[in-house]
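A.B. asks: Dropping a structure here in structure tokens format, bear with me for questions.
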């Protein structure tokens, strides 16, 4: 029996859009910036509610970041949004210099991330953005697992002093978390306890990990599932505790194998408590056009891939 129940199916990008409106109602310094994909990333909700606080810069991500930096210096609280591939890659220089180096609390809200953007194809499937963003000093990197967590994450971001990169997803996905439970950046959530192996997942792969846990339970494998919603700063204590108590780790993400969540976890294990680890991620390749669920299966990041990785890592336990 699945230990979490689906209460709805909504996109994390919608959670972002709705929460942004709520923040705008609470604080008149909240502003939003976009790049001609307003409806797609759901900043249209903020634009309709506060037209005088929404700025469209056209197809110019670099200008969007520079303008947001200026607004932050002037005391505003800027949220910028674009597709993940163009929110992280195209304005990297401006993000590095104007936000990370200058330590300005601009929130980069990247929509349509990962391979599940599907029909948009390889050019729009941001599979490198976690790696690009987490290498930057001062940058916080996070990926909510569902609609409720996206809303809580956005609201919690209001008080951050650092720049923040959040990744959201295009399609509807299972809503299964508690809308009122506390949220804290850098503090992972253990969703299911277990003693034989730990699955550490972020974003849409958290639900896939929950489904994998059900399959593994039927095989007599006790599996811990951790929602690592914040990739940087990562929850070192949760990772080390899981390594010590279960002796094996599987990481799962909708991202390249290199430089993502799996790499971040491996860095912690290597420094603090080395154990066997397997990586469920896109393996050094670009994606293609297709249905999101079919792409997840083809590129090996769905529940079946997680189950396979768990079986393998358990066979490697010392």
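A.B. asks: When residues of segment 224-248 are filtered for being within 19 Å of the chain's Cα centre (by Cα) and outside any helix (DSSP H, G or I), how many remain?
C.D. replies: Total meeting the criteria: 11.
A.B. asks: Of 309, 281, 266, which residue is within 18 Å of residue 130 (Cβ to Cβ) and either over 21 Å from the mean Cα position of the chain (by Cα) or in a helix (DSSP H, G or I) (or both)?
C.D. replies: Numbers: 309 fails: within 18 Å of residue 130 (Cβ to Cβ); 281 fails: either over 21 Å from the mean Cα position of the chain (by Cα) or in a helix (DSSP H, G or I) (or both).
Checking each option against the conditions leaves just 266.
A.B. asks: Okay, moving on. Mind listing whichever residues of segment 24-44 are modelled with pLDDT of 95 or more, crowded, with 20+ Cβ neighbours inside 10 Å and assigned to a helix (DSSP H, G or I)?
C.D. replies: Answer for segment 24-44, where residues must be modelled with pLDDT of 95 or more, crowded, with 20+ Cβ neighbours inside 10 Å and assigned to a helix (DSSP H, G or I): just 24.
A.B. asks: Still on this model: What are the residue pairs meeting all of these: first residue in segment 166-194, first residue under 10 Å from residue 149 (Cβ atoms), second residue loosely packed, with under 14 Cβ neighbours inside 10 Å, Cβ atoms under 6 Å, and 6 or more apart or on different chains?
C.D. replies: The qualifying pairs are 175/8; 176/6.
A.B. asks: Give the residue, chosen from 211, 160, 164, 191, that is modelled with pLDDT of 95 or more and under 16 Å from the mean Cα position of the chain (by Cα).
C.D. replies: Only one candidate passes the filter, namely 164.
A.B. asks: For segment 48-61, what are the residues that are touching a helix residue (DSSP H, G or I) at 6+ places or on another chain (Cβ under 6 Å), at pLDDT 95 or above and buried (at least 16 other Cβ atoms within 10 Å of the Cβ)? Break it down into steps so the answer makes sense when it comes.
C.D. replies: So in segment 48-61, the residues touching a helix residue (DSSP H, G or I) at 6+ places or on another chain (Cβ under 6 Å) come out as 49-50, 54, 57, 61.
Then keep just the ones that are at pLDDT 95 or above; that gives 49-50, 54, 61.
50, 54, 61 - these are the residues of segment 48-61 that are touching a helix residue (DSSP H, G or I) at 6+ places or on another chain (Cβ under 6 Å), at pLDDT 95 or above and buried (at least 16 other Cβ atoms within 10 Å of the Cβ).
A.B. asks: Right, here's the next one. Report yes if some residue within segment 102-110 is free of Cβ contacts under 8 Å to residues at least 40 places away in the same chain and either farther than 29 Å from residue 204 by Cβ or touching a helix residue (DSSP H, G or I) at 6+ places or on another chain (Cβ under 6 Å) (or both); otherwise report no.
C.D. replies: Step one: list which residues in segment 102-110 are free of Cβ contacts under 8 Å to residues at least 40 places away in the same chain, which gives 102.
From the residues that got through so far, the ones that are either farther than 29 Å from residue 204 by Cβ or touching a helix residue (DSSP H, G or I) at 6+ places or on another chain (Cβ under 6 Å) (or both) too are 102.
Yes, because at least one residue in segment 102-110 is free of Cβ contacts under 8 Å to residues at least 40 places away in the same chain and either farther than 29 Å from residue 204 by Cβ or touching a helix residue (DSSP H, G or I) at 6+ places or on another chain (Cβ under 6 Å) (or both).
A.B. asks: Ok, one more. Looking at 301, 221, 314, 215, which one is in contact with a strand residue (DSSP E or B) (Cβ under 7 Å, 6 or more places away or on another chain) and assigned to a helix (DSSP H, G or I)? If you could, list the steps in order and put the result at the bottom.
C.D. replies: Numbers: 301 fails: assigned to a helix (DSSP H, G or I); 221 fails: assigned to a helix (DSSP H, G or I); 215 fails: in contact with a strand residue (DSSP E or B) (Cβ under 7 Å, 6 or more places away or on another chain).
Matching residue, one of 301, 221, 314, 215: 314.
The values are calculated or read from the model by the stated rules, or taken from the named source; none is laboratory data. Bear in mind that the values here come from a model prediction, so they are computed numbers and not experimental data. For neighbour counting, all protein chains shown are included, and Cβ atoms are generated from backbone atoms with ideal geometry for every residue, glycine included.
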